[in-house]
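Undergrad: Here it is, the structure in full.
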Amino acid sequence: MNPLYYAVLHVFSLFVLTAHSFMAFANPAPENRKRALMITGIASLLVLISGFGLLAKLHANQFSGWVIVKLVCWLGLSMLAGRAFRRPHLRGALATTALVLILTALVMVYIVRLA
């Protein structure tokens, strides 16, 4: 399969994961929990699958340091929506953590990988 399809799916899934995570931060009402966790779970799985698809197509499955950092960022971002519903008083800290994880992942791809 063309790596461009993996890239589009990866970026789209990241947008969905990020948007619904911040939606959970903004309104952690119990009636929104099931849908938000379902969508973020599916988006998280698609991020993982498309990321490994890109890794296989573009980098011949070579696990560099930037890949491990991105996996940690993905794992952290994937758990934040669930945390927003369990600890709504930490919404500000969770949102800041999400922004730091996203920035770290972007730096790993666009600065470290290309350097």
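Undergrad: Run the numbers on the stretch 23-93 and let me know its relative contact order in percent, using alpha-carbon pairs under 8 Å that are six or more apart.
TA: 56
Undergrad: How many nm separate the modelled label positions at Phe12 and Val107, each set 7 Å beyond the Cα in the direction of the Cβ?
TA: 3.0
Undergrad: Counting only heavy atoms of protein chains, what accessible area per residue, in Å², does the stretch 1-63 have with a probe of 1.4 Å?
TA: Dividing the accessible area of the stretch 1-63 by its residue count gives 63 Å².
Undergrad: Calculate, in nm to one decimal, what Val100 and Leu75 gain on full extension: separation in residues at 0.36 nm each, minus their alpha carbon distance.
TA: Full extension of this stretch gives 7.7 nm more.
Undergrad: In Å, what Kirkwood hydrodynamic radius results for the chain from the alpha-carbon pair distances?
TA: Every distinct Cα pair counted, the radius reaches 14.6 Å.
Undergrad: Then there is this: Keeping the other protein chains in place, figure out the carbon and sulfur percent of the accessible area of the stretch 1-74, with a 1.4 Å probe. Write down the numbers at each step before the final one.
TA: Values: 3260 of 4500 Å².
Its accessible area is 72 percent carbon and sulfur atoms.
Undergrad: Please identify the DSSP H helices in the chain that span no less than 27 Å along the helix axis (Cα) and have a mean Kyte-Doolittle hydropathy of 1.0 or more.
TA: The qualifying helices are 3-26, 65-86.
Undergrad: Can you compute the modelled spin-label distance between Leu4 and Ser64, with each label point 7 Å from Cα toward Cβ, in nm?
TA: It is 2.3 nm.
The values are calculated or read from the model by the stated rules, or taken from the named source; none is laboratory data. What you are looking at is a predicted structure, and each value in this text was computed from that prediction instead of being measured. So basically every Cβ, Gly included, is an ideal-geometry build from the backbone, and we count neighbours across all protein chains shown. The accessibility values were calculated without ligands, DNA or RNA, using every heavy atom of the protein model including side chains. Shrake-Rupley method; radii C 1.70, N 1.55, O 1.52, S 1.80 Å.
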